[in-house]
Amino acid sequence: MHQVEFKPEQHKKYFRRSLDILPSESAMFDCSRLTILYFVLIGLDVLDGLDLLTEEHKRSIIEWVYGLQLVPSENVLDHKCGFMGSTTVIHLKNYPSCEKYCESNVAMTYMALCILITLGDDLSRLNKTAILQGVAALQKPDGSFKSNYEYGESDLRFVYCSLAVCFILNDSSLINVNNTIHFISKCLNYDGAFGQNPGTESHGGSTYCAIASLSLLNKLNDVINSKKLKILERWAVNRQINGFQGRPNKDPDTCYSFWIGATLRIIGSLDKINKEKNKDFVLNNANFLTGGFSKDMDSIPDPMHTCLSLCGLSLVEMEGLSPINPALNITERATNHLKQIQH
Ligand SMILES: [Zn+2]
């Protein structure tokens, strides 16, 4: 495998196009269009390509995102506030009989906040109290968090999203942080990595969620002592084939260049991998006709793998890409904007 040329302009065009039109296979994401917007905008920011959007376009995106915010009202209960994933579902709030289905999802809330920060918004139109109450209502007695109030599943993914929302809003006072740390530590396996729930197989995605969560809480050392850190480092470094796999005996997939790469960056061990091999794998999964990255050679590009491929390339210092904040998965530029509006 030889390294193919990196064509940032082509990937910018791929993202720009994805804002207007998507292939018919994407129809199933209609209820979570916010996730596509998140990957497109974070990816564009990593490419330093947000100037491709006019100020008016940015403003209209910000309006669209704020339109997905559920605030307390007759039909929306306090503990269900936060963000929904699409205008397709937000209209439910106008129908009293749909009360049960009118609820936020903490992954959508996390992504909405990241989008607003990335576009330079000052978050002043958020109902912060309602969002934080919504997050707190998702916490279970074992310290984990559900995705949404009714029937939501709970695992490390939603622990991460909940903690990231509290971090961005600079307020963890409504959640039980100690219980959360206890839950995360129970997901740690003998091989040094984390499963999605206690007793489940270690996985690159859940390991990222655990390590990024602890990093946001500034409690990494409380759960991972130096001996455990070495075991985790060995597990993560051994996931490299050329690119990275999510679990042993699986094929490599471009998104794990971010999930595992960011994990290694947070624990200070990214220099232990073969960065050039990783770059080769990711660049070889770029589509040279349409732009964008796919998860592997047999797939078509999608916004998620394009964004996470670029974040993975940024971590290994690919020239021309903006540095990212590995624990929040937004750029350092956007993180600095967040710091400014937090004060
Ligand atoms: Zn993937």
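The values are calculated or read from the model by the stated rules, or taken from the named source; none is laboratory data. Please read all numbers here as calculations on a predicted model, not as lab measurements. Backbone-built Cβ (ideal geometry, glycine too); neighbour counts: all protein chains shown.
Laid out as a table, the results:
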read-out: Cross-chain or 6+ apart pairs with Cβ under 8 Å, the stretch 223-245 first and of a type in the set (S, T, N, Q), then modelled with pLDDT of 95 or more and surrounded by fewer than 20 Cβ atoms within 10 Å (Cβ to Cβ); value: ASN238/PRO248; GLN240/ASN274; GLN240/LYS277; ASN242/LYS277; ASN242/ASP280; GLN245/ASP251
read-out: Options SER294, SER299, SER309: the member that is within 16 Å of the ligand (Cβ to nearest atom), modelled with pLDDT under 95, small (Gly, Ala, Ser) and under 29 Å from LEU22 (Cβ atoms); value: SER299
read-out: Residue, nearest to ASP78 (Cα to Cα), within the stretch 129-174, restricted to residues that are among the hydroxyl-bearing types (Ser, Thr, Tyr) and modelled with pLDDT of 95 or more; value: THR129
read-out: Some residue of the stretch 217-234 being loosely packed, with under 15 Cβ neighbours inside 10 Å and among the acidic types (Asp, Glu); value: yes
read-out: Residues being of a type in the set (S, T, N, Q) and either farther than 16 Å from VAL40 by Cβ or touching a residue at least 40 places away in the same chain (Cβ under 8 Å) (or both) - total across the stretch 53-75; value: 3
read-out: Residue that is nearest to ASN221 (Cα to Cα), among those in the stretch 250-291 that are within 16 Å of the ligand (Cβ to nearest atom) and part of a loop (DSSP other than H, G, I, E, B); value: CYS255
read-out: Hits in the stretch 320-343 - residues which are in contact (Cβ under 8 Å) with a residue 12 or more places away in the chain and not β-branched (Val, Ile, Thr); value: GLY320, LEU321, SER322, PRO326, ALA327, LEU328, ASN329, ARG333, ALA334, HIS337, LEU338, GLN342
read-out: Residue ID - modelled with the lowest pLDDT, chosen from residues in the stretch 87-105 that are under 16 Å from LEU68 (Cβ atoms) and surrounded by fewer than 13 Cβ atoms within 10 Å (Cβ to Cβ); value: HIS91
read-out: Residue check, HIS79 out of contact with any Asp or Glu (no Cβ under 8 Å at 6 or more places or on another chain) and under 21 Å from LEU169 (Cα atoms); value: yes
read-out: ALA210, sole failed condition from (1) more than 16 Å from the ligand (Cβ to nearest atom); (2) assigned to a loop (DSSP other than H, G, I, E, B); (3) of a type in the set (Gly, Ala, Ser); value: (2)
read-out: Cross-chain or 6+ apart pairs with Cβ under 6 Å, the stretch 255-271 first and farther than 22 Å from SER294 by Cβ, then among the polar types (S, T, N, Q) and more than 15 Å from the ligand (Cβ to nearest atom); value: ILE266/SER215
read-out: Restricting the stretch 236-245 to residues that are surrounded by fewer than 20 Cβ atoms within 10 Å (Cβ to Cβ) and part of a loop (DSSP other than H, G, I, E, B), the residue that is farthest from the ligand (Cβ to nearest atom); value: ASN238
read-out: Scan of the stretch 321-340 for residues that are of a type in the set (A, V, I, L, M, F, W, C) and either surrounded by 23 or more Cβ atoms within 10 Å (Cβ to Cβ) or outside any helix (DSSP H, G or I) (or both), ordered by number; value: LEU321, ILE324, ALA327, LEU328, ILE330, ALA334
read-out: Scan of the stretch 130-171 for residues that are within 22 Å of LYS186 (Cα to Cα) and either free of Cβ contacts under 8 Å to residues at least 12 places away in the same chain or of a type in the set (Asp, Glu) (or both), ordered by number; value: ASP142, GLU153, ASP155
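Yes or no, residue by residue, for (1) within 14 Å of THR118 (Cα to Cα); (2) buried (at least 20 other Cβ atoms within 10 Å of the Cβ); (3) among the small types (Gly, Ala, Ser):
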{"site": "GLU5", "(1), (2), (3)": "no, no, no"}
{"site": "PHE15", "(1), (2), (3)": "no, yes, no"}
{"site": "ILE42", "(1), (2), (3)": "yes, yes, no"}
{"site": "LEU68", "(1), (2), (3)": "no, yes, no"}
{"site": "LEU77", "(1), (2), (3)": "no, no, no"}
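This table checks each residue for (1) more than 15 Å from the chain's Cα centre (by Cα); (2) closer than 23 Å to PHE15 by Cα.
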| residue | (1), (2) |
| --- | --- |
| ARG234 | yes, no |
| LEU270 | yes, no |
| LYS277 | yes, no |
| ASN285 | yes, yes |
| THR290 | yes, yes |
| SER322 | yes, yes |
| THR335 | no, yes |
| LEU338 | yes, no |
